[in-house]
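Have a look at the structure below, then the notes.
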Amino acid sequence: MRWRAPVLEADYPVDRDLYLNGRGLLLVPSFFCRGNPVALQNPDLAPVLVYPARHASESAPPVAAAPRSLGKLVGHTRSAVLGSIGGGCTTSELARRVGVSAASASQHAGVLREAGLVLTLRHGSAVLHTLTPLGAALLRGGHEVPVSRRRSTAAPM
């Protein structure tokens, strides 16, 4: 899925537009959904987009450690927060990864979100932070991660 304001684009089996008309959209990760997302629509309820959840056999895209110069620019804690978000995490996971309070992690994630480096999805009290393409590019120093540096989760033969 890709966010191109004000449109959420998803690879879908057919060309289709779904207009929310202020109803919101419920995003539901599903372990059993493979390949393409599925849209569920009831005119009386908010539309639902069920999308594939990452499986244990799939690795998160590689995220490089934040360059030292990034810490000098935005502060070492904020740089650590950006680098620790990885493939996505909740505020409490982020706080544990960085070693700060949940309130501090939330504040840093908010500043990074306002800068367009982090995307935060909320559902009730649950919050999930993920990197935007700009945030990931900033961590890489604007360069793609070389294939030789990418991690593999495949078991050795």
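Since every read-out is calculated from the coordinates, none of them should be taken as a lab result. Since we're looking at a predicted model, the values are computed, not measured. We place every Cβ from the backbone using ideal geometry, glycine too, and count neighbours over all the protein chains shown.
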Fewest-first sequence of Asp11, Asp17 by Cβ atoms within 10 Å of each Cβ: Asp17, Asp11
Cβ-Cβ FRET estimate between Phe31 and Glu114, R0 fixed at 41 Å, reported to 0.05: 0.80
Debye equation applied to the C-alpha atoms of segment 2-52, log10 I(q)/I(0) at 0.18 Å⁻¹: -0.59
At R0 = 25 Å, FRET efficiency that the Cβ-Cβ distance of Val50 and Ala103 yields, to 0.05: 0.15
Fraction in percent of alpha-carbon pairs per bin - 10 Å, segment 68-144: 21, 58, 20, 2
